[in-house]
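Supplied in structure tokens, the structure appears directly below.
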Ligand SMILES: NC(=O)c1ccc[n+]([C@@H]2O[C@H](COP(=O)([O-])OP(=O)(O)OC[C@H]3O[C@@H](n4cnc5c(N)ncnc54)[C@H](O)[C@@H]3O)[C@@H](O)[C@H]2O)c1
Ligand SMILES: [Zn+2]
């Protein structure tokens, strides 16, 4: 017997949400989606082709109390994924990001605190971006959490990270869930707000809650035309349009890429396993991959002759390294990511062949440059 039957997925028309919707339906759940089909993600304003016809769809906005009330009615659990997603953009669309991410979540919690409902589990999409710079090891001081690198060093093309105590060069190590969150963008601050608010109200009202800090998620259905998207989609869109991927810094900065199918499994376990309750988890692969290496793998898989363009440019607020310590996920959710990066990327490329990729990167970069953010 399943503990939950009716599941609400906000943002269920988006990349991560839509995969979860499919998986929930396959696993016998009844699914409702609340999504406003935001134009930056859904340029036609229509439900995407991939949207599962077995899911109920409510077109609505997480900034509307009325839409939340309608969506939450009769539900046993909620995955709250709808969000404004983009670090750079959040630095000038500040009101929009705070409204959708922080206030949208506050509205859901306000309703749960003040009305009769059946919600017995909340799962919030949190983000690795809330850590800021990842964890590092200093030979003298052990694990340290350096602040963002100084602008003057970056301008001299010194991309290293230094110990905040003795100023010697430090080496990246996996970042654990209990690392302090040094959020350094409005997007990251909002994501931190969201997880804290959900866990706080969950504990106060005894509603089991789980915060999943996703690292860089990739897979079919990611928007190839949203220039504020993750690096995989941006590089794919460039290569597809015959342009070289443009790489910031020297390209040796690393990120942690996790395949959407692995992520979806973790999402299902977070719902079904009580061991997840009232906890925060990193959801990454645990493997750092340099941005230059990612560009090279993609170029090779596309069979292209392009070479990545190392720009040495710096994007304000960018971190040098951040990758997940996934011990907690392994121990408490009994899950280890399974999809190999090259295999996963091959599959995404195959999917992208039928997709239109409008390269709007130049536009997005100009927006950031205009404001001195790049
Ligand atoms: N993609 C990643 O690598 C990544 C990493 C960390 C965290 N996350 C988080 O995971 C969640 C899902 O991300 P995604 O990559 O699927 O993004 P996405 O943009 O593909 O999906 C988000 C969905 O939310 C909807 N939406 C936006 N504003 C809304 C509003 N005001 N009301 C209702 N619906 C709204 C959009 O229409 C879209 O369908 C987000 O909360 C994001 O912050 C994603
Ligand atoms: Zn030190």
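Bear in mind that the values in this text are calculations on the coordinates, not laboratory data. Note that this is a predicted model, so its numbers are computed, not measured. Cβ sites come from the backbone with ideal geometry, for glycine too, and all protein chains shown count toward neighbours.
Which ordering of 197, 1, 329 is given by a fewest-first count of other beta-carbon atoms within 10 Å?
Working: 197 18, 1 3, 329 24.
So the residues, fewest neighbours to most, are 1, 197, 329.
What is the helix-to-structure angle for 231-240, meaning the angle in degrees between its Cα long axis and the longest Cα principal axis of the chain, kept from 0 to 90 and rounded to the nearest 10?
70 degrees
For the chain, with a Gaussian network of springs between Cα atoms less than 10 Å apart, report the residue from 307, 105, 254 with the top mean-square fluctuation.
Per the Cα network of the chain with a 10 Å cutoff, 307 tops the list.
What ranking do 158-168, 73-83 get when scored by the average of other Cβ atoms within 10 Å per residue, highest first? Show your work: numbers first, answer last.
Values: 158-168: 14.7, 73-83: 22.7.
In descending order of packing, they fall as 73-83, 158-168.
Specify the residue with the greatest mean-square fluctuation among 124, 310, 326, computed from a Gaussian network of the chain linking alpha-carbon atoms under 10 Å apart.
310
Expressed as a rounded percentage, what relative contact order does the stretch 200-313 have, with Cα pairs under 8 Å and six or more residues apart?
Working: 169 pairs, mean separation 43.4, N = 114.
That works out to 38 percent.
Which whole-angstrom value gives the distance between the alpha carbon centres of the stretch 5-28 and the stretch 311-352?
21 Å
Could you order peptides 233-239, 111-117 by the average number of other Cβ atoms within 10 Å of their residues, highest first? Mind dumping the intermediate values first?
Details: 233-239: 23.7, 111-117: 12.9.
Put in order of decreasing packing, that is 233-239, 111-117.
Against the longest principal axis of the chain, how steep is helix 104-114, in degrees 0 to 90 to the nearest 10, with axes from Cα atoms?
Helix 104-114 sits roughly 30 degrees off the main axis of the chain.
222 nm [θ] for the chain, helices only, -39500 (n - 2.57) per DSSP H run of 4+, per residue, to 500? Present the calculation step by step, with values, prior to reporting the outcome.
Numbers: 13 runs with 127 residues, N = 374.
That calculation yields -10000 deg cm²/dmol at 222 nm.
Okay, next question. If neighbour count is taken as other Cβ atoms inside 10 Å, put 32, 49, 221 in order from fewest to most. It would help to have the intermediate numbers written out before the result.
Values: 32 22, 49 6, 221 18.
Final ranking by Cβ density, sparse to dense: 49, 221, 32.
Where the centre of each part is set by its Cα atoms, how far does the stretch 111-145 sit from the stretch 276-291, in angstrom?
The distance from the Cα centre of the stretch 111-145 to that of the stretch 276-291 comes to 10 Å.
Now a separate question. With a 10 Å cut-off between alpha carbons and a GNM built on the chain, which of 230, 11, 28 moves the most?
In this elastic network of the chain, the residue with the biggest mean-square fluctuation among 230, 11, 28 is 28.
Now a separate question. In degrees, nearest 10, range 0 to 90: what is the angle between the Cα axis of helix 361-370 and the longest Cα principal axis of the chain?
Approximately 80 degrees, to the nearest ten.
Can you work out the PRE-style zone for residue 157? Point 7 Å along Cα to Cβ, and I want the residues of the stretch 272-313 with backbone N under 17 Å.
292, 308-313
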